[in-house]
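Everything on this sheet refers to the single structure shown next.
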Amino acid sequence: MPGASAGSYQDPYDHPSGQRAPQLPAPTVPAHVAVVMDGNGRWANRRGLPRTAGHEAGEAALLDVVAGALEIGVSHLSAYAFSTENWKRSPEEVRFLMGFSRRVLRRQRDTLNAWGVRVVWIGRPQRLWGSVIRELQEAERLTASNTRMTLYMCVNYGGRAEIVDAVREIAEEARAGHLSGRGITEASLARRLNDPDMPDVDLFIRTSGEQRTSNFLLWQSAYAELVFVEELWPDVDRLVLWRAITDYARRDRRYGGAIDAPVTAG
Ligand code: FPP
């Protein structure tokens, strides 16, 4: 049944510890959280398992983070599932990740739908397996009318690729005489990104101790607050998300502005 109606959404299952989301003033809760789900391979290899076992274990982490995002009131969550650079991995791992993405979408779409989550795919269709695209589109169709949270599944996504595609579209429109140089603005470029309605990222989380943004949501993260956590992705759950959000809530976001407040001795 496509999109349960607002108000009739199911609440996600509780965290096994019984812990509840911290009570934060609503304006300090980030609207858009982006996560780089890093460390699956290392998690598996440290246990003497193949990298693919780490990806398998990452599915539950993703679902728990979605549950935690719903509980604390995040309205947009972006998950970096497969980047435009991930094609460099071994053919076996790429094949696994394609089949795995398909299976995760099929396994989780009814739960996401029941929770009121709208799934939106962003990424390039080129090279992506047709069966994965069909599964992404099916999840999008099923959940299209949900309004509680938007989950961007970023599959075959790259921030540079997204900007290049927008610029290419602008160049073609300019060549056809529909756009002048002066008509090219931040707003006109943003309108040509994968989802023009995607809000800017407020909080950007990367797991596994790595401190890079790795081409994820480059344009949208221009003023994002970055939080790097040590946990490998399969060890992440909503408690890790809530800790990152609590850290974010204390940050002073100035967007390039400044307040003159000399400290007086005293
Ligand atoms: C990065 O770990 C993780 C990935 C490339 C894939 C993660 C994807 C999921 C958990 C869910 C996918 C779901 C859908 C619906 C597409 P890594 O392999 O880079 O780990 P490493 O840094 O330890 O090598």
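Are any residues in the stretch 139-148 crowded, with 20+ Cβ neighbours inside 10 Å and more than 14 Å from the ligand (Cβ to nearest atom), and if so, which ones?
Asn146 - this is the single residue of the stretch 139-148 that is crowded, with 20+ Cβ neighbours inside 10 Å and more than 14 Å from the ligand (Cβ to nearest atom).
With the requirement that a residue be in contact with a Lys or Arg (Cβ under 8 Å, 6 or more places away or on another chain) and polar (S, T, N, Q), what does the stretch 76-122 give you?
The one that is in contact with a Lys or Arg (Cβ under 8 Å, 6 or more places away or on another chain) and polar (S, T, N, Q): Thr84.
Take the residues in the stretch 68-85 that are touching a helix residue (DSSP H, G or I) at 6+ places or on another chain (Cβ under 7 Å), under 16 Å from Arg124 (Cβ atoms) and not in a loop (DSSP other than H, G, I, E, B); name whichever of them is farthest from the ligand (Cβ to nearest atom).
Once the filter is applied, the top-ranked residue is Phe82.
Among (1) under 28 Å from Asp38 (Cβ atoms); (2) more than 16 Å from the ligand (Cβ to nearest atom); (3) free of Cβ contacts under 8 Å to residues at least 40 places away in the same chain; (4) surrounded by 15 or more Cβ atoms within 10 Å (Cβ to Cβ), which single condition is Ile170 missing?
(1)
So Cys154 fits all but one of (1) of a type outside the set (Asp, Glu); (2) within 11 Å of the ligand (Cβ to nearest atom); (3) open to solvent by 60 Å² or more (accessible area, probe 1.4 Å); (4) within 23 Å of Leu217 (Cβ to Cβ); what number is the exception?
(3)
Checking the conditions here, which among Val33, Val65, Val94, Val74 is within 14 Å of Pro234 (Cβ to Cβ), in contact with a strand residue (DSSP E or B) (Cβ under 9 Å, 6 or more places away or on another chain) and among the hydrophobic types (A, V, I, L, M, F, W, C)?
Testing whether each residue is within 14 Å of Pro234 (Cβ to Cβ), in contact with a strand residue (DSSP E or B) (Cβ under 9 Å, 6 or more places away or on another chain) and among the hydrophobic types (A, V, I, L, M, F, W, C) leaves just Val65.
Taking the conditions exactly as written (more than 10 Å from the ligand (Cβ to nearest atom) and either under 21 Å from Asn40 (Cα atoms) or not hydroxyl-bearing (Ser, Thr, Tyr) (or both)), does Leu136 satisfy them or not?
In short, no.
Just checking, does the stretch 100-112 include any residue being modelled with pLDDT of 95 or more, more than 13 Å from the ligand (Cβ to nearest atom) and either among the hydroxyl-bearing types (Ser, Thr, Tyr) or in a helix (DSSP H, G or I) (or both)?
Yes, the stretch 100-112 has at least one match.
List pairs: first in the stretch 128-155 and within 20 Å of Trp115 (Cα to Cα) and modelled with pLDDT of 95 or more, second open to solvent by 50 Å² or more (accessible area, probe 1.4 Å) and among the small types (Gly, Ala, Ser), Cβ under 7 Å, 6+ apart or cross-chain?
Final answer for the pair search is Thr147/Ala6.
Among the numbered criteria (1) in contact with a strand residue (DSSP E or B) (Cβ under 7 Å, 6 or more places away or on another chain); (2) over 25 Å from Asp64 (Cα atoms); (3) more than 11 Å from the ligand (Cβ to nearest atom), which single criterion is violated by Pro125?
Result: Pro125 passes all but (1).
Do you know which of the residues in the stretch 175-206 that are open to solvent by less than 40 Å² (accessible area, probe 1.4 Å) and outside any loop (DSSP other than H, G, I, E, B) is farthest from Val65 (Cα to Cα)?
Checking each candidate, the answer is Gly183.
Given the criterion more than 9 Å from the ligand (Cβ to nearest atom) and open to solvent by less than 10 Å² (accessible area, probe 1.4 Å), identify the matching residue among Val65, Val94.
The unique qualifying residue is Val65.
When Arg51 is evaluated against the numbered criteria (1) more than 9 Å from the ligand (Cβ to nearest atom); (2) in contact (Cβ under 8 Å) with a residue 40 or more places away in the chain; (3) open to solvent by 10 Å² or more (accessible area, probe 1.4 Å), which criterion, by number, is the only one it fails?
Single failed check for Arg51: (1).
The values are calculated or read from the model by the stated rules, or taken from the named source; none is laboratory data. Treat the numbers as computed from the prediction; the structure is a model and nothing was measured. As a convention, Cβ positions derive from the backbone with ideal geometry for all residues, glycine included, and neighbour counts pool all protein chains shown. We work out accessible area using only protein heavy atoms, side chains counted, and drop any ligands, DNA or RNA first. Shrake-Rupley method; radii C 1.70, N 1.55, O 1.52, S 1.80 Å.
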